[in-house]
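Asker: Got a structure here, written out as structure tokens. Questions coming.
Quick note: the coordinates plus some simple rules give every number you see, no bench work behind them. What you see is a predicted model, and the numbers here were worked out from it, not measured in a lab. Note that we place each Cβ from the backbone using ideal geometry, even for glycine, and neighbour counts take in every protein chain shown.
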Amino acid sequence: MKSGPLFFIALLGVLTVSWASFALGPDMQLRTLAPYYDATFDSTFPQSPSGLAARGRAVYLELGCASCHTQQVRRSGFGSDHERGWGERQSWARDYIFQDPVQLGSLRHGPDVATVGDRIESEAELHEMLYSGSEGMPAYAYLYEPAPPAAQANPLAVDQVAGREIIPSRRAEALVAYLLNLKAPAAYAPEVANNAVEEGEAH
Amino acid sequence: MSSDSHMAAADTDTTARGPLSLLLASSLAWLVVAVSLGLVHAIQRHTPSFLETIPAFTYGRTQAMYETALIFGWAANAAYAVALWILARLGGGHWRGLGLMTGGTLFWNAGVTIGIFCIGWGEGTMLRFLQMPAYVHPLLLVSGAAISTPAILAWTGRRTSGTYVAQWYAIGALFLFPWFYSASQVMLLADPVSGVSRAIIGAWHAQNVLSLWLAPIALAAAYYLLPRLTGKPVPHYGFAGLGFWVLIVVGSWTGGRHLVGGPVPAWIPATGIAAAVLLLFHFMLVWMNLSPALRAGTTDPLRFVRAGIVAYLAGGVLDALVSLEGAAARLQFTHFQTGLQQLFVQGAFGLLVLGAIYDLVPRLTGRAWPSPRQIRGHYVLALTGTALSVAGLLIAGWIQGGALLHADASFAAIAASTRPWLYLASAGELTFLLGAMVASVHLARLLLGLCRLSAAGQSTATTVTAS
């Protein structure tokens, strides 16, 4: 090739088409998604998380939890997500409109957490897991701290060291609030209809 | 292709000696840092309690620091050095803009250092290949433009009538990187999109780093070195340009394949899978042109180039096969994907660019490498390390994926079944680290020897002038 400008115009054109198709296009397609009003419950879904849960999402992000846990349930028949009880239906884009930033994850070193709030029995169970770790997960003991000397007994204490209870820090409380907030979302009529059409076409 | 036929005056290389040596020394220093972090990360895969009491070395942060040091530390410095060298040599002109390049290198490395400390501090973004906090990336964008200045001047001031495909790959990578990097920064960090668009654009960005930046630089090195080292022309040179355009056009589309089954519009993974299969055409063209290197002689740089070409082709074919939906159901979200990335970054890009470095340093410095034995030692360690770590991750991922398909397999049982292979991957990372240390010490010896020689020369000149 001898024509320099043409070469660069072609390169720029190729990248612009790619950007318009895979960055701008999807954003324009998805940015119109809004909470779905369900007349049965007289409420909109998904619901915006509480302030503490939103702060917990930031803790989830800065610890890099998404490098071991996904937050996306795949459809029945594609993997064993459904059989593992991670969700009755696959995750849809509308489920994430209040998650800022979204952390879908790319590795399942541990289980998917898209609906972990439905599977955990209690707040204390999650704190115990985070404080002690497990065979496949490190302990996050630095998220816990000794209770103030005159403090009353804390039901969420995870340990006792030198006569003082080890209790969750604000970050640990926020992280647990966030995880407990992750629950199976409602079914939205537009997505249900779309998927029914797609499944019909597939059959 | 006679790559040196248009070489400029002999002083062309000496003028760039300092700035290019800075880039090369930075790249190998970052390689040691990156692979050290990679070793910590690899150990944490099978022993999660390793360094668990240090927040900066939490599993997620270690991975982000490792990836950043590898891509923005080692790969970026090495890529700039090799691309600049190729463009200057094949352009036949004189080096210009070296001051900007040196300043850019210093600011780039300062930015990456700050970025890695910030990730350890908990300010990472958890976006693949964009892990550093938002305020670091503009500095890298400007620094990268400054480093590229001599490349642009070499291209515009070239003395040749035509251009070689090695130049296309090199200038193409340097031209496309700032465009997609700035677009990603705006859409993901400065004015971030909401919802799953973040994951889609994140996948687009990550694929561009591999397909539009690192792969073209690796191929520029391969197309530049092959005729030089084998003494034979590229056999189907007419198709080399087609291979370039297929990679540039289709490579960027393949990012969506990682989102198969995810909460995104179905056309995105479908296009990604189709593009990954279409990209096999590019790998076929590369095979046609670069396979003679696999049967040619055995100089030290050629060993690296040969292994890099095999890794590039094997990774491309595997990637296409694994992107198919049947395979993805098993291997998505497993160590297999990490192994494929390792095969490309450490194997294909790493070995090809190391081959280029071993070839260009003697011509840049005017001195032979102090110890051919150390080059061979590095080759054995780098090849063995890459093979062990990639094989360990691929096998662990295959086992992990099979077990994940069975709902009754617990994560503790999956971790236990993959552990032996993850040990193997750690052993590979350690071996690769030893090789990187050998190469760094080797380059340091050469450059220090050059500094001593230069100081002695100046001293002699001063004495002569004084007398």
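Asker: If I fit a long axis through the Cα atoms of helix A:4-19 and take the longest principal axis of the Cα atoms of chain A, what angle between them do I get, 0 to 90°, rounded to 10?
Answerer: So the inclination is approximately 50 degrees.
Asker: Could you let me know the centre-to-centre spacing of the range A:135-173 and the range B:32-71, using Cα atoms, in angstrom?
Answerer: Going from one Cα centre to the other spans 26 Å.
Asker: Next question. At 37 °C and 0.692 mPa s, grab the translational diffusion coefficient of the range A:58-203 from Stokes-Einstein with a Kirkwood Rh over Cα pairs, rounded to a whole number in µm² per second. Each step should come with its number before you reach the end.
Answerer: Values: Rh = 17.1 Å.
Value of D from the Cα-based Kirkwood radius: 191 µm²/s.
Asker: Moving on. Using just the helices of the protein assembly as shown, give the 222 nm mean residue ellipticity in deg cm²/dmol: DSSP H runs with n ≥ 4 each add -39,500 (n - 2.57), and the total is spread over all residues, rounded to 500. Please list the in-between numbers first.
Answerer: Values: 25 runs with 410 residues, N = 670.
After summing the helix terms and dividing by residue count, I get -20500 deg cm²/dmol.
Asker: Once all Cα-Cα distances of the range B:268-387 are split into 10 Å bins that start at 0, what whole-number percent is in each one?
Answerer: Taking all Cα pairs of the range B:268-387, the binned fractions are 13, 36, 30, 15, 6, 1 percent.
Asker: For the range B:276-336, what are Rg and Dmax over the alpha carbons, in angstrom?
Answerer: 14.3, 43
Asker: Also, quick follow-up: Say each of residue B:121 and residue B:281 gets a label point 7 Å from the Cα, pointing the same way as Cα to Cβ; how far apart are those two points in nm?
Answerer: About 4.9 nm separates the two model spin labels.
Asker: While we're looking at this one, here's another question. Can you compute the modelled spin-label distance between residue B:434 and residue A:170, with each label point 7 Å from Cα toward Cβ, in nm?
Answerer: About 4.9 nm separates the two model spin labels.
Asker: While we're here: Could you work out how far helix B:137-156 tilts from the main Cα principal axis of chain B, as a 0 to 90 degree angle to the nearest 10?
Answerer: Long axis of B:137-156 versus the principal axis of chain B: about 50 degrees.
Asker: Modelling each spin label as a point 7 Å along the Cα-to-Cβ direction, I'd like the residue B:373/residue A:28 distance in nm, to one decimal.
Answerer: Modelled inter-label distance: 6.5 nm.
Asker: Please report, in whole Å³, the volume per residue of the convex hull around the C-alpha atoms of the range B:220-313. Write down the numbers at each step before the final one.
Answerer: Working: hull volume 8.6 nm³, N = 94.
So the per-residue hull volume is 91 Å³.
Asker: Viscosity 1.002 mPa s, temperature 20 °C: Stokes-Einstein D of the range B:63-158 from its Kirkwood Cα radius, in µm² per second?
Answerer: Diffusion coefficient, whole number: 155 µm²/s.
Asker: I would also like to ask the following. If you take the beta carbon distance between residue B:232 and residue B:445 as r and set R0 to 41 Å, what does 1/(1 + (r/R0)^6) give as a FRET efficiency, to the nearest 0.05? All intermediate terms of the calculation are to be shown ahead of the outcome.
Answerer: Details: r = 33 Å, r/R0 = 0.80.
So the FRET efficiency works out to roughly 0.80.
Asker: Ok, one more. Between residue A:58 and residue B:295, what's the calculated FRET efficiency when r is the beta-carbon distance and R0 is 45 Å? Round to 0.05. The partial results should precede the final answer.
Answerer: Details: r = 55 Å, r/R0 = 1.23.
So the FRET efficiency works out to roughly 0.20.
Asker: Another question, if that's okay. Averaged over every viewing direction, what's the projected area of the C-alpha convex hull for the range B:300-370? Give it in nm², one decimal, please. Don't skip to the answer; put the middle values down first.
Answerer: Values: hull surface 21.2 nm².
Approximately 5.3 nm², given one-decimal rounding.
Asker: With springs only between Cα atoms under 10 Å, which of A:147, A:184, A:23 fluctuates most in a Gaussian network model of chain A?
Answerer: Greatest mean-square fluctuation among the candidates belongs to A:23.
Asker: What is the distance in Å between the Cα centroid of the range B:210-243 and that of the range B:345-407?
Answerer: 19 Å
Asker: A further question on this structure: At R0 = 45 Å, how high is the FRET efficiency between residue B:53 and residue A:100 if r is their beta carbon distance? Nearest 0.05 is fine. Kindly include the intermediate steps, with their values, before the conclusion.
Answerer: Working: r = 31 Å, r/R0 = 0.69.
Here the calculated transfer efficiency is 0.90.
Asker: Continuing with the same structure: P(r) for the range A:6-140: what percent of alpha-carbon pairs falls in each 10 Å bin, starting at zero?
Answerer: Binned Cα distances yield the sequence 10, 30, 33, 17, 8, 2, 0.
Asker: Shifting gears a bit: What full-extension length gain, to one decimal in nm, is calculated for residue A:183 and residue A:6 as 0.36 nm per residue of separation minus the Cα-Cα distance? Walk me through the numbers on the way to the answer.
Answerer: Values: separation 177, 0.36 × 177 = 63.72 nm, distance 5.31 nm.
So the extension gain works out to 58.4 nm.
Asker: Among B:323, A:67, B:21, A:48, what is the fewest-to-most ranking by other Cβ atoms within 10 Å?
Answerer: Going from sparsest to densest Cβ surroundings: A:48, B:21, A:67, B:323.
Asker: Between A:13, A:51, A:136, find the one with the highest GNM mean-square fluctuation for chain A; connect C-alpha pairs within less than 10 Å.
Answerer: Of A:13, A:51, A:136, the Gaussian network model singles out A:13 as fluctuating most.
Asker: The range B:160-182 to the range A:1-71: how many Å between their Cα centroids?
Answerer: If we compute the Cα centre of each part, the gap is 29 Å.
Asker: For the protein assembly as shown, evaluate the Debye formula with one uniform point scatterer on each Cα (no solvent term) and list log10 I(q)/I(0) at q = 0.06, 0.08, 0.12 Å⁻¹, rounded to two decimals.
Answerer: Each listed q maps to, in turn, -0.35, -0.62, -1.29.
Asker: Cut-off is 10 Å between beta-carbons; in what order do A:123, A:173 appear when sorted fewest neighbours first? Walk me through the intermediate numbers first.
Answerer: Details: A:123 16, A:173 19.
Ranking A:123, A:173 by Cβ neighbours within 10 Å, fewest first, gives A:123, A:173.
Asker: Another question, if that's okay. For the range B:349-390, what does the alpha-carbon gyration tensor say about shape, rounded, prolate or oblate, given a ≥ b ≥ c as the root eigenvalues, a/c under 1.5 as rounded, and a/b over b/c as prolate? Can you show the working numbers first?
Answerer: Values: a/c = 5.54, a/b = 1.81, b/c = 3.07.
Oblate.
Asker: At q = 0.18, 0.20, 0.21 Å⁻¹, what is the base-10 log of I(q)/I(0) for the range B:136-237 according to the Debye formula with one equal point scatterer per Cα and no solvent? Please give it to two decimals.
Answerer: -0.92, -1.04, -1.10
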